[in-house]
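Worksheet: one structure, shown below.
The values are calculated or read from the model by the stated rules, or taken from the named source; none is laboratory data. Only a predicted model underlies this, so the values are computations on that prediction, with no experimental measurement involved. For neighbour counting, all protein chains shown are included, and Cβ atoms are generated from backbone atoms with ideal geometry for every residue, glycine included. Ligands, DNA and RNA are excluded from the accessible area calculation, which covers all protein heavy atoms including side chains. Shrake-Rupley method; radii C 1.70, N 1.55, O 1.52, S 1.80 Å.
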Amino acid sequence: MSGERTRTVLLGLLGIVLFLILWEVIGRFRLVGLTWPPFTEVLVYLFDPSRRPLFQRAISATLHSMMLGYVIGAGIGLALSSVGHLAPPLKPGADRLSAVVHAIPSIALAPIFIVLLSRNAAPVALAALNAFFVFYVAGSSGFGAASRTHVDLMRAFGATRAQRFRHVDLPAAIPSIVSGMKLAVPASLIGAILGEWFGAPRGLGILIVNAMQNFQIPLLWSAVVLAAITSLTLFTAMTILERTVYERFR
């Protein structure tokens, strides 16, 4: 198993290296025009000390919106999936509600959030919306993963539904919930950046929009690379947590 994991990591790293080399070649020889700069040029721009405060403020604002929305979405998603599990007659309605909310494009909801809340709250709301569905699906599938033997044993001892949920269903759902935590990270980050497009005072989304409007190609790509690095870093951290939890609860 360790050998397989090592090979997977090495293949992943090789794929990233090949992608970056291809990016550099395309940018260096201007194969798609001036809008695709070399990767090294983007890195030089991104790590320029004079621009560090700009990127630090942007990433700080985006991460704040993302994490707040992530927590709100997780709370609502897990709460709704818990209600559906504890009260089975309500589960079909909860499933339909979450499906309908997920089916509405985030970009269509952003103006509504701006009107109902504020421009500052829109990134948080979209991040929460994107995280909500992931956590709802993870919770719904996880709560139903408990061993039938354990459930029957709790019933035989006269345990209430709430007691079964606490001692059997919830522990059984932890691996699924942790997987949802991992998948919700990029979803909530995308929601926060998209929400910033609609007039938030700062954030990576604002940098991207301003760079596009002013044709600042290095700034545009630097913001995109910074968003990708942030997402991959958080996703990797959650993957490590997921593997630890799976080792504990498998």
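Summary table
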item: Counted residues, segment 48-75 - those being closer than 28 Å to Ala162 by Cα and either modelled with pLDDT under 95 or surrounded by fewer than 19 Cβ atoms within 10 Å (Cβ to Cβ) (or both); result: 3
item: Checking Arg28 against (1) open to solvent by 40 Å² or more (accessible area, probe 1.4 Å); (2) at pLDDT below 95; (3) out of contact with any Pro (no Cβ under 9 Å at 6 or more places or on another chain), the condition it does not meet; result: (3)
item: Contacts under 6 angstrom Cβ, first residue in segment 31-51 being closer than 18 Å to Val17 by Cα, partner acidic (Asp, Glu) and open to solvent by less than 60 Å² (accessible area, probe 1.4 Å), 6 or more apart; result: Pro38/Glu24; Phe39/Glu24
item: Subset tally (residues that are surrounded by 15 or more Cβ atoms within 10 Å (Cβ to Cβ), out of contact with any Leu (no Cβ under 7 Å at 6 or more places or on another chain) and either part of a helix (DSSP H, G or I) or without any contact (Cβ under 8 Å) to a residue 12 or more places away in the chain (or both)) for segment 114-126; result: 4
item: Qualifying residues in segment 198-241 (those that are part of a loop (DSSP other than H, G, I, E, B) and open to solvent by 60 Å² or more (accessible area, probe 1.4 Å)) - the one modelled with the lowest pLDDT; result: Pro201
item: Restricting segment 163-197 to residues that are farther than 13 Å from Gly139 by Cα and in contact with a His (Cβ under 9 Å, 6 or more places away or on another chain), the residue that is most open to solvent (accessible area, probe 1.4 Å); result: His167
item: Leading residue by the ranking (farthest from Leu183 (Cα to Cα)) among those in segment 127-161 that are outside any helix (DSSP H, G or I) and of a type in the set (Gly, Ala, Ser); result: Gly158
